[in-house]
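Chemist: Below is a structure I'd like to ask you about.
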Amino acid sequence: MKSSQPYRAGQRLPLEDGVALRLSVNPRARRISIRIDARAGEAVAVAPSERRLPDAVAFARSRSDWIAERLAARPTGTALVPGATIPFRGGTAVLEATGGAGAARLIEDPDGVRIASGGEGEAFARRVVNLLKRLAHDTLTVRTQVHLNALGQRAVTLGINDPTSRWGSCSPMTRSIRYSWRVIMAPPEVLDYLAAHEVAHLVHADHSPAYWSVVRGLVGDHRPFRAWLRANGPALHAVGR
């Protein structure tokens, strides 16, 4: 028998002015919400269950003007090319071509921070990203271990990836944590908050008051760090797009 459910997770629908809406189900969501996927250039309607997807679609259609404004205001990507300046650890780094095919390397001297790399075109950009991934992995490994020790937690499997909008995820069942490499571009205290945020999920898998109490015990007032990611995160996700 054919399902009467008109919508499904992953489905894309057109809104006004050619704006695309993607439907998503998150069982952990407490309410219907709309977020902007700057990387994909679309809005995402999130519902706690497929049964609530029609409500999510209706809500998105009622906010179509707001969605269009947010998509129009999303940051344009910074290409990873020689001469470009990208965010790095709360400051900036200039990309520099070295010629040849050497791997990218970080240079910090009185003239500032540079990332020098061989390769041309996509090969240059790929080497820069590979360096940023390695730096993110090394730094997050250290900060994750600090917070694991503080909570008396045993080791986890740590991975680095490039999600479209999220900064990290934690699976208490498999004791695995994954981070976006792009957080290496944020200030160190924001990166540290992210590590604390994910490690705290080993204690509480939700975002309950008890969970946030654990986060506060690790990094103090977490609200400025969350606000920084909300305000600056889209620009970091746009780098290299």
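Chemist: Averaged per residue, what accessible area in Å² does segment 2-73 show with a 1.4 Å probe, protein chains only?
Modeler: Normalised by residue count, the accessible surface of segment 2-73 is 61 Å².
Chemist: Over the alpha-carbon set of segment 12-86, divide Rg by the Kirkwood Rh and report the Rg/Rh ratio to two decimals.
Modeler: Here Rg/Rh amounts to 1.10.
Chemist: Compare the peptides 83-89, 186-192 by average per-residue count of other Cβ atoms within 10 angstrom and give them in order, highest first.
Modeler: Most protected by this proxy first, the peptides run 186-192, 83-89.
Chemist: Further, regarding this structure: Set Lys and Arg Cβ to +1 and Asp and Glu Cβ to -1, take the dipole of the chain about its Cα centre, and tell me which of Thr85, Asn232, Ala58 lies farthest positive.
Modeler: Result: Ala58.
Chemist: Could I ask something else about it? If each residue of separation counts as 0.36 nm, what is the full-extension length gain between Ser49 and Leu106 once their alpha-carbon separation is subtracted?
Modeler: Result for the pair: 16.0 nm of gain on full extension.
Chemist: Can you compute the modelled spin-label distance between His204 and Arg114, with each label point 7 Å from Cα toward Cβ, in nm?
Modeler: 4.8 nm
Chemist: Share of the chain's accessible area from carbon and sulfur, percent, 1.4 Å?
Modeler: 50 percent
Chemist: Now for a separate question. Distance from the Cα centre of segment 196-235 to that of segment 35-54, in angstrom?
Modeler: The distance from the Cα centre of segment 196-235 to that of segment 35-54 comes to 23 Å.
Chemist: Leaving out ligands and nucleic acids, note down the accessible area per residue over segment 93-241 with a 1.4 angstrom probe, in whole Å².
Modeler: Accessible surface, normalised per residue, equals 47 Å².
Chemist: Also, quick follow-up: Scan around Phe88 for amide H atoms under 5 Å from its own, H built in the peptide plane at 1.01 Å from N, and keep only partners 5 or more places away or cross-chain.
Modeler: HN-HN under 5 Å from Phe88: Ala93.
Chemist: Based on alpha-carbon atoms only, what is the radius of gyration of segment 30-138 relative to the globular estimate 2.2 N^0.38 Å?
Modeler: Here the Cα radius of gyration is 1.53 times the empirical estimate.
Chemist: In the neighborhood of Leu158, defined by Cβ-to-Cβ distances under 14 Å, what is the net charge if each Lys or Arg adds +1 and each Asp or Glu adds -1?
Modeler: Spelling it out: positives minus negatives among the neighbours equals +4.
Chemist: Along each of its three principal axes, how wide is the spread of alpha-carbon positions in segment 125-166, in whole angstrom units, largest first?
Modeler: 39, 20, 13
Chemist: Quick one: if the Förster radius is 41 Å, what FRET efficiency do Glu69 and Asp221 give, using the C-beta to C-beta distance and rounding to 0.05?
Modeler: Efficiency computed from Cβ-Cβ geometry: 0.85.
Chemist: Just the number, please: Stokes-Einstein D of segment 86-125 in µm²/s, Kirkwood Rh from C-alpha pairs, 10 °C, 1.306 mPa s.
Modeler: 152 µm²/s
Chemist: Using only alpha carbon pairs under 8 Å that are at least six residues apart, calculate the relative contact order of segment 1-89 and give it in whole percent.
Modeler: Value for segment 1-89: 23 percent.
Chemist: Residue by residue through segment 139-148, which ³J(HN,Hα) values in whole Hz follow from phi under the Karplus form 6.51 cos²θ - 1.76 cosθ + 1.60 (θ = phi - 60°), with glycine and proline marked x?
Modeler: Once rounded to whole Hz, the list reads 5, 5, 4, 5, 5, 4, 5, 4, 6, 4.
Chemist: Which loop trypsin sites (Lys or Arg not before Pro) in segment 129-188, with loop taken from DSSP, have no more than 15 other Cβ atoms within 10 angstrom of their Cβ?
Modeler: The qualifying sites are Arg154, Arg166, Arg175.
Chemist: Right, something else. Over all distinct Cα pairs, what is the inverse of the mean 1/r for segment 94-241, reported as the Kirkwood hydrodynamic radius in Å?
Modeler: 16.4 Å
The values are calculated or read from the model by the stated rules, or taken from the named source; none is laboratory data. Everything numeric here is computed off the predicted structure, so don't read it as measured data. In this analysis, Cβ positions are derived from the backbone assuming ideal geometry, glycine residues included, and neighbour counts consider all displayed protein chains. Ligands, DNA and RNA are excluded from the accessible area calculation, which covers all protein heavy atoms including side chains. Shrake-Rupley method; radii C 1.70, N 1.55, O 1.52, S 1.80 Å.
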